[in-house]
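Enquirer: Input: one structure, supplied below.
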Amino acid sequence: MIVLGIDPGSRFTGYGVVEVDGSGERIIEFGVLRLDSKPNHQLRLKEVYDRITDVTARLCPDECAIEMPVYGRNPQSMLKLGRAQAAAMMAVLNRSIPVAEYTPKEVKKSVTGRGNATKEQVWYMVRAILSLDADDQEMLLDASDALAVGICHAHRLSNGTSRKRHRSWEAFLRANRDRIVDG
């Protein structure tokens, strides 16, 4: 099974693709979408959508796991983060790939054993789990976070405890009516 993990952001969105089989996880590809060159938020969202659509078309993941925004000090930042998550989800759901959402604490606990782990601890453990060369420093924190989301999902699948998945955008909307605000 191939799992796409996404760590959404309005300036940087990390993605990581892992292949999961009985012997563990193997990295296929990872990267960071650098969005701060775009002049406004709407163009950044389009870039997230377009680039995640490209990744799904090239690598054909079976499932997707995405980190969900949980809280923040700045409501404007949380809104932008939620929009980036939605753009990534739309790209995946439009290809009929099921999406599971995980909180940052769930991801960190799954990978490091601690829900309050630092980004650097997650980076270290992702590299250890995927047997990446310790001297290779090219993996950025956003990419390791995305790989951690994918690994978290793989662990949940193997334990039979994965989060609720949505097979389409319509299914996601039906399941989350309480999160929809009429404007």
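Taken together, the values in this text are just the output of simple stated rules run on the coordinates, not laboratory data. Note that the structure is predicted; figures quoted are calculated from it, not measured. Positions of Cβ are backbone-derived with ideal geometry, glycine not excepted, and every protein chain shown enters the neighbour counts.
Enquirer: What do you get for GluC sites (Glu not before Pro) in segment 58-153 restricted to DSSP loop and a cutoff of at most 15 other Cβ within 10 Å of the site's Cβ?
Expert: GLU138
Enquirer: Okay, moving on. Could you order the peptides 39-49, 122-132, 144-154, 9-19 from most to least packed, using the average number of other C-beta atoms within 10 Å per residue?
Expert: Result, highest mean Cβ count within 10 Å first: 144-154, 9-19, 122-132, 39-49.
Enquirer: Using 5 Å bins from zero, what percent of all Cα-Cα pairs in segment 2-179 falls into each bin?
Expert: Each 5 Å bin holds this share of Cα pairs: 1, 9, 18, 23, 22, 16, 8, 2, 1, 0.
Enquirer: Filter the trypsin sites (Lys or Arg not before Pro) in segment 56-110 to those in DSSP coil with at most 10 other Cβ atoms within 10 Å of their Cβ, and list the result.
Expert: When the trypsin sites (Lys or Arg not before Pro) of segment 56-110 are filtered for loop state and at most 10 Cβ neighbours within 10 Å, ARG73 remain.
Enquirer: Obtain the nm distance between the two label points defined at ASP36 and ASN159 by a simple spin-label model: each point lies 7 Å from its Cα along the Cα-to-C-beta direction.
Expert: 3.6
Enquirer: Can you give the alpha-carbon Rg of segment 44-104 over 2.2 N^0.38 Å, where N counts its residues?
Expert: After normalising by residue count via 2.2 N^0.38 Å, the value is 1.15.
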